[in-house]
1. Suppose the filter is touching a residue at least 24 places away in the same chain (Cβ under 8 Å), of a type in the set (Val, Ile, Thr) and out of contact with any Leu (no Cβ under 8 Å at 6 or more places or on another chain); does Ile277 pass it?
2. Hey, among the residues in the range 112-136 that are at pLDDT below 85 and acidic (Asp, Glu), which one's nearest to Asn372 (Cα to Cα)?
3. Please return the ranges of helices (runs of 4 or more DSSP H) entirely within the range 213-308 where 2 or more residues are within 21 Å of Arg324 (Cβ to Cβ) and not charged (D, E, K, R).
4. Checking the conditions here, which among Ile102, Ile85 is β-branched (Val, Ile, Thr) and either at pLDDT 90 or above or not assigned by TED's automatic domain parsing to the domain that holds Leu38 (or both)?
5. Can you confirm whether the range 140-154 contains a residue that is touching a strand residue (DSSP E or B) at 6+ places or on another chain (Cβ under 7 Å) and in a loop (DSSP other than H, G, I, E, B)?
6. Of the residues in the range 318-342, how many are within 17 Å of Tyr267 (Cβ to Cβ) and assigned to a loop (DSSP other than H, G, I, E, B)?
7. Could you tell me which residue of the range 329-378 is surrounded by the fewest Cβ atoms within 10 Å (Cβ to Cβ), considering only residues that are touching a strand residue (DSSP E or B) at 6+ places or on another chain (Cβ under 9 Å), under 26 Å from Val136 (Cα atoms) and aliphatic (A, V, I, L, M)?
8. Out of the helices (runs of 4 or more DSSP H) lying entirely within the range 1-77, which hold 1 or more residues that are buried (at least 16 other Cβ atoms within 10 Å of the Cβ) and at pLDDT 95 or above?
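The values are calculated or read from the model by the stated rules, or taken from the named source; none is laboratory data. Owing to the predicted nature of the structure, the values given are computational and were not obtained by experimental measurement. Counting neighbours? That spans all protein chains shown, and the Cβs are built from the backbone with ideal geometry, glycine included.
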Amino acid sequence: MYTRIIQKSIEKWLFKSKIVIVYGPRQAGKTTLAKAILEKFGDDGLYLNCEVDSVRRELSKIEPVQLKSFFGQKKIIVLDEAQVIPNIGLVLKTFIDEYKEIQIIATGSSSFDLANNVKEPLTGRSIEFTLLPFSVGEIIVHDKMPSFKSYEETFFRFGSYPNVYNNKDSQEIMQREIENIQSNYLYKDILTLGGIRKPKILEDMLQLLAFQIGNEVSLNELAVKLGTSVVTVDRYIDLLEKTFVIYRLRALSRNQRNEIRGNFKVYFIDIGIRNAIIHNFNSLSLRDDIGRIFENIFIIERLKKAMYAEEFKNYFFWRTYDQREIDFIEEDKGVFSAFECKYSEGNIKNITKDTFLKSYPKSDLAVVSKNNYLDFLI
């Protein structure tokens, strides 16, 4: 089993009078992670799948004595997919206020619903983590670098969902697994929790976004192509982000007159999902989008690396009205680290480099290619 980086961080917060909440997309490994933590406690641990009707009914009761009776003498309890429990935030608040000695770990595949329900009731009573599909670092620690390099193209084509990457010796199984996630899990929380009445618009929008990763997104243009309103498009993008399908990268603008502002780009949390949406798992030598795939992977992996290290940064891309552009920028304690992604080795145009460094003189600027990108990810 692949060891997840955040497991140690989670375990540091156990039995400190906090509800531990683990967000992340379905099939990303939250259940496996929770059970790995529970295993250390033997008979003192209890796993509950909240999507089971009988469990959901029992956990809908806000009376602490009834909850304690349901949990028995267990010291640590996992509530998996807790977002399906009505008033889950109030339920958890009621319980932890009465039984601080019992540790609850709640997982949720939608930050949209679970976060909305627990934010106010659990103020000061919870600690939150996010688990995404395997990171490059997690894979290399487990498989070692030579193995990863031998499956590198597979990673670029099929992504790193656990059930997908664990079948890396069979591309047929990998494709079936990622298509299963895309068709059976991807929209589940969005359609259920978002109250979406026209899923066809959502599916069409996802395909449009998948074809333009690395490009700036125009809400107006999407609305016209989809035959719907800008408000609807904006809402759907927000739902996709909160259910861990996409990541929205915004433009850096610190009042420089020539910088664009208010725009954003969209990247997919898992590149395999993106490739499944456009039905393209072709080998890299046959693709015309490898540069954008590489950019998507690098940016999401940098986000994972910082998130699992509990480093809190701001993220941007940068572009001027005269078309100078930097793909990815991290801001940490007021200092910018900039990255230009080029799958095949290349250089940043001097005029772009000079313009950016003149605007942000204390910045670092690196060119990332297929030959050195792992140096920035592990």
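1. Numbers: touching a residue at least 24 places away in the same chain (Cβ under 8 Å): yes; of a type in the set (Val, Ile, Thr): yes; out of contact with any Leu (no Cβ under 8 Å at 6 or more places or on another chain): no.
No, not satisfied.
2. So, considering only residues that are at pLDDT below 85 and acidic (Asp, Glu), the one nearest to Asn372 (Cα to Cα) is Asp113.
3. Details: elements: 219-226, 230-242, 271-277, 290-308.
By residue number, 290-308.
4. Numbers: Ile85 fails: either at pLDDT 90 or above or not assigned by TED's automatic domain parsing to the domain that holds Leu38 (or both).
Answer to the check: Ile102.
5. no
6. Of the residues in that region, 1 qualify.
7. My answer is Val335.
8. Working: elements: 6-12, 30-39, 53-59, 64-71.
It comes to 6-12, 30-39.
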